[in-house]
Each structure stands twice: as C-alpha cells, then as structure tokens.
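Everything below concerns the one structure shown next.
Nothing in this text is a laboratory measurement; each read-out follows from the coordinates by a stated rule. The model shown is predicted, which means the values in this text are computed figures rather than measured ones. Because the Cβ atoms are built from the backbone with ideal geometry, glycine has one as well, and the counts that use them run over all protein chains shown.
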Amino acid sequence: MRLSVIGCGYLGAVHAAAMASIGHEVVGIDVDERKIASLSRGEAPFFEPGLQEILSEGLASGRLRFSTDMADAAGAKVHFVGVGTPQQKDGYAADLTYVNAAVDALIPHLAEGDIVAGKSTVPVGTAATLAERVTPTGATLVWNPEFLREGWAVQDTIDPDRLVAGVPAGAEGERAADVLREVYHPSVAKNTPFIVTDLATAELVKVAANAFLATKISFINAMAEIAEVTGADVTTLADAIGHDARIGRRFLGAGIGFGGGCLPKDIRAFSARAEELGRGESVAFLREIDAINMRRRDRAVDLVVSALGGSVYKKNVTVLGAAFKPHSDDIRDSPALDVAVRLHGLGAWVTVTDPEAIENARRIHPQLNYVEDRDEALRAADAVIVVTEWDEYRRQLDPEHASSLATGRVIVDGRNCLDAAAWRAAGWDYYGMGRP
C-alpha cells in the first residue's frame, strides 16, 4: 500500500522506516530541510536501536523516500500525521500548532476514500475538530495512537503489543478500520489485539496509558520518600508488592524519576484539558504526580551535597548519563541533565559522560564539561552519581576499577541500579534513592 507519513521527527521517522520494512511504499514529509536531507542520505537524525538498519534497507529497496513537498503525499492511501505536540510556553496545555498546520497543508492533496490517521498525542476532542476539516474532501479521519518506548521504538512499531483505531461510526468507520488492518497486516496475522473504538476513546487511550505509567513511577518514589525517613528499603518494598499480580513489578523502580518528551508534557496537557472540560478534579492527582517526580531530582542533588560534607563548591562531580533513559540520545526534560546543571549551579565542577547523548547535551548546556570516555570521566572525581542506567554503568563498571580512577569514594545511585553491597565492599560510601 502507498502511505505518507507527515512529520519525520522521532515518531514519524521510525514509523515511515518501519512501514517500509514490512512492504509498504512510503514517503516521509517534513518542513525541516536538514532533517529530510539527512534521512534521504540514510542517516538517522537521532539514536534509536535498529532504526539505521531499516532506514538504509528501505531507501535501498526504493520503498522509502523523503520529501519537503506536501504534494508528494498525493496518491497515498493512508496519511499518518505524527508531528509534535509540545507543551505550550505559557501553560501546561498541548500546543497543537504543528498538528493543525500539517492537516491544513495535507487537505489540498487528499482524494476521495483516503484515510488520514492521526498518531500525535493530542487532547481529547482534537480528532473531532480535525474531522470537520478533513471530511469535506471525501477522506476519513481516524486516530491511531502510538505506544512506542524510546530504545525499543522499532520493535514496538513492527511488533506492537496492541493496535488501537479510533474511527467514525457506521460503514465509513468499518471501512477505515479494515484499511488499517491491511496496513498492519503482519501484526494482525499474529492475532495482535486490534481494538476499534470511537475517536475520543482512542485519544484517551494514549494519555491515560501515560498517566498511569507516570502514576506508578511517582507512587514508588513517594514510598522512597517515606523509606528515607524510616530506614526502610524501597527496592525490597517494590519487590514484595510487585509479586502481587494486580500490581506487578514493572515501573516500580524508585530513583530520580521520569523525563523525556512524552510523560511530563502529556500528564500536564491531560490536566489542562480536564480543566477545560470542567473535570479538573478527576485528574487533580496528576499535579502531585508531577511534583513528586520533580522532588526526586532535588533529592539526588541533596544526596551528593550531603555526602560531600554539605557543599559541592569546587568539588569534582562525575555524572554518569545525560539522556533521559538508556538506549536513546534524547535529552528532552532529562532528569540526568537537570541534576548535572543544578550541581554546576552550586559551584561543582561537573563532568558528564553518556554513550550517545553528549552532542545533544552540549548544544543545550555548554557550561558543563563533557567527556566521551567513561573512565576518563571518572578520573579525579570526588563524587560519582549514576543518573541514566546504561549497561556501561549498571553492569560493566567494576567498583574496584572505579576506585583506581576516582579521588573520592562517594557513589550516589540515582537509579537504584547498582549492587550496593559490592560498592560498599570496595570502600565506597553508597547512597541509593529510598535505601538505607
């Protein structure tokens, strides 16, 4: 099938390459000329495991191409809209500027029977408004939310755990759902759950999923706050309650909290939309979820300061990690960089290392010192803090080896991902998040 993907950022570039990899003919369209030039050369504009391979394969096969001209979308059967919905600069609500612009630019090139499939995360009610503009062209607007995990986005696109299609009522919606089943034919053939619903529910599925995940993460971090004043161990606590099948252990990892381009802005936008709908009280708890999340960054900084005798002024602090999570170079709302910048503001000489995100971090925070080699970053450190749980830090960094490089013996485990006993046995003062 011929497909177009409007917006070639993180979501769109992965979706375009993945759709080409399962046999579709795909054109990716974006207004950013540099991004399109990079993608057309087969160069992934960001780090995502597996993307480079399917991007190169798609271009070589002729099934994948990129353009800055919206007219190139003409003739596609399905048009996926995957542009960004950032937080508004003057509030918590989502900025729909790019979504509206993308749909308006696409409308002149739509034909009778086309499907416009929204993938961007939007406030509930957005799809109904967009449908009013799309329907007069003879095309059908549907909502097909994405559930990608950065670091596993290629896998999650090609082999998702579920597919959701929000469609209009009646025969038009049934036809649109059937077209999407054709698009995702390998997953449908594997009996992947394919959930057909109305537009509003499809929009809510995405934000509700993110709100729930954020709630689970902040819940265990709230328990960490209690553990820190009682001497309890939040890691053991999480193990114990995680055995309950109703709760589960996943996303019960206490630490410095969540970040990235999705969870923080999505829960804020959800709160703002609920207020607009007159139901702000229904998700009022999300404000506290956000507050708990931000407090954990404060706690990480406080642990470093306390461990160094109450001041980090002119102390060498090595920060292991810059990306908001491993297997990514994404630094959007990164807790890791936030902690590094705060320590720098307190007068510390901060050295940051990360396997993939250094260049992105340097562009935003040039005041920090960046070192690519992990061991070089550890040299002469008075304190070390792990803020992104890359395998290079959680599994491959030996405490005895680190002792031969660092000056001090303070290790703050901002992700509770290290073996505390091993680090203490090697002579380090180990500080975890919510751990005695």
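Annotations
- Expected 222 nm ellipticity per residue - DSSP helices of 4 or more, -39500 (n - 2.57), all of the chain, to 500: -13000 deg cm²/dmol
- Counting only DSSP beta bridges with both residues in the chain, the antiparallel share comes to about 5 percent.
- Å³ per residue enclosed by the Cα convex hull of the stretch 286-404: 106
- The tail of the calculated P(r) for the stretch 2-197, taken as Cα-Cα distances beyond 31 Å, holds 11 percent of the pairs.
- Rel. contact order, % - alpha carbon contacts under 8 angstrom, at least six apart, the stretch 338-436: 21
- The angle between the Cα long axis of helix 51-61 and the longest principal axis of the Cα atoms of the chain comes to about 30 degrees, rounded to the nearest 10.
- 3J(HN,Hα) from dihedral phi, the stretch 263-269, Karplus parametrisation 6.51/-1.76/1.60, rounded to Hz, x for glycine, proline: 3, x, 6, 6, 6, 5, 5
- If you look at the Cα atoms of the stretch 271-349, you get an Rg and a Dmax of 16.6, 51 Å.
- Cβ-placed point charges (K, R +1; D, E -1), dipole of the chain about Cα centre in debye, nearest 20: 600
- Taken one residue at a time, the phi angles of the stretch 190-200 give Karplus couplings (6.51, -1.76, 1.60, θ = phi - 60°) of 8, 6, 4, x, 10, 9, 9, 8, 7, 4, 4 Hz. Gly and Pro are set to x.
- Among 359, 392, 276: highest mean-square fluctuation, GNM of the chain, C-alpha pairs under 10 Å: 276
- Rounded FRET efficiency, nearest 0.05, which uses the C-beta distance separating residue 155 from residue 284 and R0 of 51 Å: 0.90
- Rounded to the nearest 20 debye, dipole of the stretch 238-357 from Cβ charges on Lys, Arg, Asp, Glu: 220
- Note on the chain: Cα Rg divided by 2.2 N^0.38 Å, N the number of residues, gives 1.05.
- In Hz, Karplus ³J(HN,Hα) per residue of the stretch 420-426 (6.51, -1.76, 1.60; θ = phi - 60°; x = Gly, Pro): 4, 4, 5, 5, 5, 5, 7
- Under 14 Å of direct C-alpha separation, and excluding same-chain neighbours fewer than eight residues apart, residue 77 reaches these aspartates and glutamates: 25, 112, 114, 178, 182.
- Over 14 Å [Cα-Cα, the stretch 1-93], rounded percent: 61
- Pairs of C-alpha atoms in the stretch 392-435 farther apart than 17 Å represent 20 percent of all such pairs.
- Relative contact order, whole percent, for the chain stands at 12, derived from Cα pairs under 8 Å and 6 or more residues apart.
- Taken over the stretch 199-436, the ratio of Cα radius of gyration to 2.2 N^0.38 Å equals 1.04.
- Antiparallel content of DSSP bridges confined to the stretch 50-189, in %, to 5: 20
- One chain, two ends: residue 195 and residue 34. Fully extended at 0.36 nm per residue, the span grows by 54.3 nm beyond their Cα-Cα distance.
- Remark: relative contact order (the stretch 2-197) = 19 percent; criterion is Cα-Cα distance under 8 angstrom and separation of 6 or more residues.
- Other-chain or far-sequence residues with amide H under 5 Å of residue 410's (modelled H): 384, 429
- Counting only Cα atoms, the stretch 193-294 measures 47, 32, 24 Å along its principal axes, largest extent leading.
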